[in-house]
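The numbers here are math on the coordinates, done by the rules we state, and not lab data. Worth saying up front: this structure is predicted, and the values here are computed from it rather than measured. Counting neighbours? That spans all protein chains shown, and the Cβs are built from the backbone with ideal geometry, glycine included.
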Amino acid sequence: MSGSGPGVADFGARLSFDRGEPGRRAVDVPSWAGEEAPLPDDRLLRESVRLPELSQGGLVRYYTALSARNYGIDSGTYPLGSCTMKYNPKVNDTVASLFGFARAHPQAPAEDVQGTLRIQLELGNGLGELTGLPNVSLAPAAGAHGELAGVFMVARALEDRGELETRRRILVPDSAHGTNPATAAMAGFKVTQIPTGADGSLDRATIQRELDETVAAVMVTAPNTLGLWERGIEEVAGLIHDAGGYLYGDGANFNAIMGRVRFGDLGFDVVHLNLHKSFSTPHGGGGPGAGPVLCSEELAPYLPTPVVEEDDDGLVRLVAPERSIGRLQQFQGNAAVLVRAYAYMRALGLDGLRAASGQAVLNANYVRALLHGHYDLPYDRPVLHEVVFSGSRQRRELGVRTYDIAKRLIDHGFHPPTVYFPLIVEEALMIEPTESEPPEAIEALVEALISVAKEAESDPDTLHHAPWTAPIGRLDEATAARRPVLRWQEDSE
Amino acid sequence: MSSRSSGSPHPYIPATGADRARMLERIGAPDVGALFADLPAAMRDPAIHLPPALPEPELIALMEELAGANADPWRPDFLGAGAYRRSIPVITAFLIGRSEFATSYTPYQPEISQGTLQAAFEYQSVVCELTGMDVSNAGLYDVASATAEACLLAARVTKRRIVALLEPIHPGTVEVVRAYARGAGLRVDTVPSPEAIGEEHACLVAQQPDFLGTIVDLEPLAAAAHGVGALFVAVADPFALGLLRAPGDAGADIVTGEGRDLAGPPNYGGPSLGLFAARTKYLRQMPGRIVGRTRELADGNGRGEERTGYVLTLQAREQFIRRERATSNVSTAQALIAVAFTITVQALGPNGMRESAVLCYQRAHDAASRIAALPGYETPERGPWFQEFLVRGPIPAAELAARLAARGIGAGLDVSARPEPEARDALLFAVTEATPEAHVDALIGALAEIGGEA
């Protein structure tokens with residue numbers, strides 16, 4: 001991971017804007033040879049726009065150098081907990097870029113996009129089978145977008161029941177992703193935090209105490225962010241329903257249970273999935289993803305627009321559900337991501353998806369077994385897709401933080417695990433290997449973590465200044481926030 | 001068609017049977033199934049019906065067949081109405097295909113994510129330059145959700161509960177703003193003119209060019225909004241901003257836009273990209289990721305260097321810190337599409353952006369004037385326009401579209417149900433810099449033929 005060419009010493013100081021020369025260009029634009037229509041009045045036009053002027057080769061070289069300063073799944077093991085950084089099959093990208101799909105216009109009549117819609121129909125059916133919740137909208141663009149859809153659906157259903165005025169609370173475990181409480185707030189609900197019990201599961205007594213006629217829903221991540229199954233969630237579902245509330249499922253960790261157990265069978269009313277996690281679509285440095293929302297028959301009329309349906313005559317079309325919460329984006333969602341997810345589902349089939357969840361869980365437990373004793377394990381139970389260790393002993397006894405451990409892991413050639421999440425684990429180190437890492441990669445990761453733990457004892461200062469081999473060292477994040485520089489300026493070099 | 005044989009090792013899952021046996025022994029579990037013991041036994045391993053797994057060649061063949069079930073991707077097609085086929089430089093797809101960009105995630109570890117971070121800073125810079133705004137985030141889902149977020153921001157800072165959308169604005173945008181507003185307990189007014197807003201409104205939102213293609217003079221709209229203490233939000237097509245006045249220069253407080261069309265092909269609408277830029281005073285109210293420039297810590301690398309680098313910043317606004325008090329719930333958005341957008345804009349550069357926009361304008365105006373010259377056709381105008389125009393023919397709009405479809409031509413969107421008098425019986429055609437001349441010729445020929453039949 002190193003830049004090339006002259007001036008790499010402080011590569012980041014020079015943006016494309018600083019690398020151009022007036023008069024250079026990266027692409028031709030044909031000139032208009034026909035009759036010229038007069039342009040609109042000058043007051044509607046701009047005189048110029050400040051943009052870099054680079055040759056084509058220069059621009060390619062700049063962005064290639066940037067890519068070399070990045071680490072992806074194809075670079076190496078990426079055990080970022082809760083993010084399911086599994087191998088992204090290349091055939092998915094190839095088929096998604098077929099012109100028939102790629103050039104399809106979002107306003108095209110259904111007759112003109114039967115291939116795209118057939119894929120969405122079959123993907124939706126497959127996700128319905130896998131979750132046991134047969135009603136689906138594929139429109140949400142990411143997990144948090146799917147959550148927003150799900151919570152809006154709950155609000156709309158309560159409104160139709162005449163209970164939206166009274167059911168103002170959503171219960172969220174303290175181990176939840178931050179998107180859960182943020183989503184509940186965007187839908188106008190108050191959030192009540194539910195503590196995690198000593199065994200890492202939801203505290204049943206608190207839930208029972210909190211469940212009353214003011215509760216709209218309980219949002220549960222299953223498996224949870226400790227990598228643990230919520231034991232007895234099917235009974236909790238019954239309690240929630242008895243109290244008149246809905247059970248929302250955050251399916252971010254669906255990779256652990258694909259083909260093993262279904263949200264619908266457990267009593268969940270509405271869930272979202274993250275197809276960029278469980279269904280292998282590239283994460284893109286933070287999107288695009290896809291966050292389909294799936295639900296029970298009761299909530300189906302409220303699904304976001306559009307949903308995909310097949311007519312009696314075999315025509316697949318987009319429709320608006322009867323009591324839809326409406327659109328959450330202008331068109332139909334991240335269709336090209338859905339094509340990739342469908343290709344993944346077809347490449348694996350049920351056996352392959354079950355093999356994936358089985359291996360993902362085996363790999364996480366293998367990490368747990370190999371690393372046991374080297375770091376604290378606050379919730380010491382067999383896990384599903386991920387395992388959360390703690391660096392609290394290293395912090396307390398050696399003055400080495402998990403932050404330092406993560407940075408030192410970079411020097412061993414790994415992307416660090418998720419750190420400082422979930423919030424209920426001090427100095428958390430959240431490791432999700434996924435099924436696509438071979439055992440030797442897991443062993444190498446664990447060896448690196450053990451070596452870092454030993455180094456924390458012998459030479460903590462090396463950790464405090466890590467990473468040593470990355471394209472850049474630790475950055476001053478405090479100044480970045482205090483005196484924000486958020487764009488190129490002419491004299492900023 | 002052959003399917004994969006059940007039980008054979010899958011190319012995406014490297015562990016072998018021998019590996020599994022060894023790992024299970026180390027863990028102390030009898031088999032993989034035992035690892036799922038916490039799941040309720042009665043519900044475990046349910047019957048699930050999925051189509052059979054396909055080996056790669058069969059998968060490609062299936063997907064080719066499905067792609068072929070869509071309309072011919074190269075036929076003449078004049079749909080616009082929010083999505084436009086553009087001339088995208090080949091290098092854009094090539095560079096975002098670099099798997100170091102594509103297969104990374106949110107840059108939580110800046111030391112090995114400078115590619116994503118610096119590219120996002122380039123993106124923010126380009127968006128600020130095009131829109132004339134002070135600050136940009138790193139991108140949201142799409143134009144409509146970005147506009148909804150702008151409305152929520154306006155309501156927060158003005159402490160007012162009603163947002164106003166100026167017609168004609170994309171109906172999808174109206175619908176999304178309504179859905180978000182309902183959650184926040186806000187009312188949405190669609191207004192025919194800026195005179196309709198008052199001191200109860202948090203913002204006035206106007207689209208540039210508007211939904212029917214007309215170029216809007218934003219300055220009086222901004223003045224009208226500011227006159228009643230409301231924010232002015234411009235929803236601008238960034239491609240058109242190569243030629244049109246920057247909304248920031250005309251007084252906008254927030255600018256949103258759709259970046260998809262400069263990032264790649266339409267992809268049936270997504271991945272999309274929501275632009276969101278604002279005045280500095282709203283920075284700490286903005287939704288989504290923001291990347292900032294900084295330097296290495298003096299003791300951050302043991303080398304005593306202080307090189308320039310990029311980090312996610314101002315994260316105290318965000319859901320993973322602020323939880324229910326965050327400015328938005330956005331987490332994963334459209335990072336890779338933002339990189340693609342940036343590469344296209346930078347490849348075009350200052351001259352190319354303007355030249356492309358002018359070429360688009362000229363091609364569209366040429367096509368419109370040829371249509372208007374056909375007997376029985378008119379192209380009603382509502383003012384100066386950019387790349388979309390209304391076509392009223394000798395037969396009802398829906399029938400005209402059907403007859404074009406029968407000739408292998410995709411017509412413009414049927415807007416005949418809209419309230420604007422110019423849209424009566426009309427289709428909304430888009431012609432861009434990427435529309436081949438031969439397609440326009442085919443359209444003219446077909447329209448003439450249809451006119452002759454009428």
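Tell me which residues come under 5 Å, amide H to amide H, from A:Gly245 once H is placed; ignore anything under 5 positions away on its chain.
Answer set, sorted by chain and number: none.
Are there DSSP H segments in chain B that both extend 27 Å or more along their axis (alpha-carbon positions) and score a mean Kyte-Doolittle hydropathy of at least -0.5? List them, or say none.
B:335-372
For chain A, with the dipole built from +1 on Lys and Arg beta-carbon atoms and -1 on Asp and Glu ones, taken about the Cα centre, which of A:Trp468, A:Asn88, A:Gly72 lies farthest toward the positive end?
A:Trp468
Each label point is 7 Å from the Cα along the Cα-to-Cβ direction; what then is the distance between the points at B:Ala434 and A:Asp265, in nm?
That separation, rounded to one decimal, is 4.6 nm.
So what J values fall out for segment B:200-208 if you push phi through Karplus, 6.51 cos²θ - 1.76 cosθ + 1.60 with θ = phi - 60°, rounded to Hz, Gly and Pro as x?
8, 8, 6, 7, 10, 10, 9, 9, 10
Classify chain B: rounded, prolate or oblate, from the alpha-carbon gyration tensor (a ≥ b ≥ c, eigenvalue square roots; a/c under 1.5 rounded; otherwise prolate if a/b is larger than b/c)?
Taking the square roots of the gyration eigenvalues as a ≥ b ≥ c, chain B is oblate.
Rounded to a whole number, what is D in µm²/s for segment B:90-342 from Stokes-Einstein with the Kirkwood radius over alpha-carbon pairs (10 °C, 1.306 mPa s)?
Here the translational diffusion coefficient equals 85 µm²/s.
Which cross-chain or sequence-distant (5 or more) residues have an amide H under 5 Å from the amide H of B:Leu231, H modelled 1.01 Å from N in plane?
B:Cys203, B:Leu204
To the nearest 20 debye, what is the magnitude of the charge dipole of chain A about its Cα centre, counting +1 on the Cβ of each Lys and Arg and -1 on the Cβ of each Asp and Glu?
About 760 debye.
Give me the percent relative contact order of segment B:90-342, please, defined on Cα pairs under 8 angstrom at least 6 residues apart.
Computed over segment B:90-342, the figure is 26 percent.
In deg cm²/dmol and to the nearest 500, what is the mean residue ellipticity at 222 nm of chain B if only DSSP H runs of at least 4 residues count, each as -39500 (n - 2.57), divided by the residue total?
Value at 222 nm, helices only, nearest 500: -11500 deg cm²/dmol.
Provide B:Ile13, A:Ile325, B:Ile48 in ascending order of the number of other Cβ atoms located within 10 Å of each residue's Cβ, fewest first.
The fewest-first ordering by Cβ neighbours comes to B:Ile48, B:Ile13, A:Ile325.
If you plug each phi of segment A:250-263 into the Karplus form 6.51 cos²θ - 1.76 cosθ + 1.60 with θ = phi - 60°, what whole-Hz ³J(HN,Hα) values come out, in order, with x for Gly and Pro?
Values, residue by residue: 7, x, 4, 9, 4, 4, 6, 10, 4, x, 9, 7, 10, 3 Hz.
Run the simple label-point estimate for A:Glu21 and A:Leu39 please: 7 Å along Cα→C-beta, distance reported in nm.
Inter-label distance under the simple model: 2.7 nm.
Could you please rank B:Thr342, A:Thr479, placing first whichever residue has the fewest other Cβ atoms within 10 Å of its Cβ?
So the ranking, lowest neighbour count to highest, is A:Thr479, B:Thr342.
So who's got an amide H within less than 5 Å of the one on A:Val316, skipping anything under 5 residues away but keeping other chains? H placed 1.01 Å off N, in plane.
A:Asp311
Can you tell me the alpha carbon radius of gyration of segment A:325-430 divided by the globular rule-of-thumb value 2.2 N^0.38 Å?
1.45
Given the options A:Thr402, A:Phe17, A:Pro106, identify the residue whose Cα lies farthest towards the positive end of the charge dipole of the protein assembly as shown (+1 on Cβ of Lys, Arg; -1 on Cβ of Asp, Glu).
A:Thr402
Roughly how many debye, to the nearest 20, is the charge dipole of chain B about its Cα centre, given +1 on each Lys and Arg Cβ, -1 on each Asp and Glu Cβ, and no other charges?
It works out to roughly 1360 debye.
Over all distinct alpha-carbon pairs, what is the Kirkwood Rh of the protein assembly as shown in angstrom?
So the Kirkwood estimate lands at 28.4 Å.
Using a 10 Å cut-off around each Cβ, can you sort A:Arg396, B:Arg323 from fewest to most neighbouring Cβ atoms?
Fewest-to-most Cβ neighbours within 10 Å comes out as A:Arg396, B:Arg323.
Please work out the ratio of the alpha-carbon Rg of segment A:91-347 to 2.2 N^0.38 Å and round it to two decimals.
It is 0.99.
Rounded to the nearest 500, what is chain A's calculated 222 nm mean residue ellipticity when only DSSP H runs of at least 4 contribute -39500 (n - 2.57) each, over all residues?
That comes out to -11000 deg cm²/dmol.
Using +1 at the Cβ of each Lys and Arg and -1 at the Cβ of each Asp and Glu in segment B:308-425, identify which of B:Ala406, B:Ser369, B:Gln315 lies farthest towards the dipole's positive end.
The residue sitting most towards the positive pole is B:Gln315.
About its Cα centre, what dipole magnitude does the protein assembly as shown give when the only charges are +1 on Lys and Arg Cβ and -1 on Asp and Glu Cβ, stated in debye to the nearest 20?
1560 debye
Tell me the GluC sites (Glu not before Pro) within segment A:400-478 that lie in a loop according to DSSP and have at most 16 other beta-carbon atoms within 10 Å.
A:Glu426
What list of ³J(HN,Hα) values in whole Hz, one per residue of segment B:380-396 in order, does the Karplus curve 6.51 cos²θ - 1.76 cosθ + 1.60 (θ = phi - 60°) give from phi, with Gly and Pro shown as x?
x, 10, 10, x, x, 9, 10, 9, 10, 8, 8, 10, 10, x, x, 10, x
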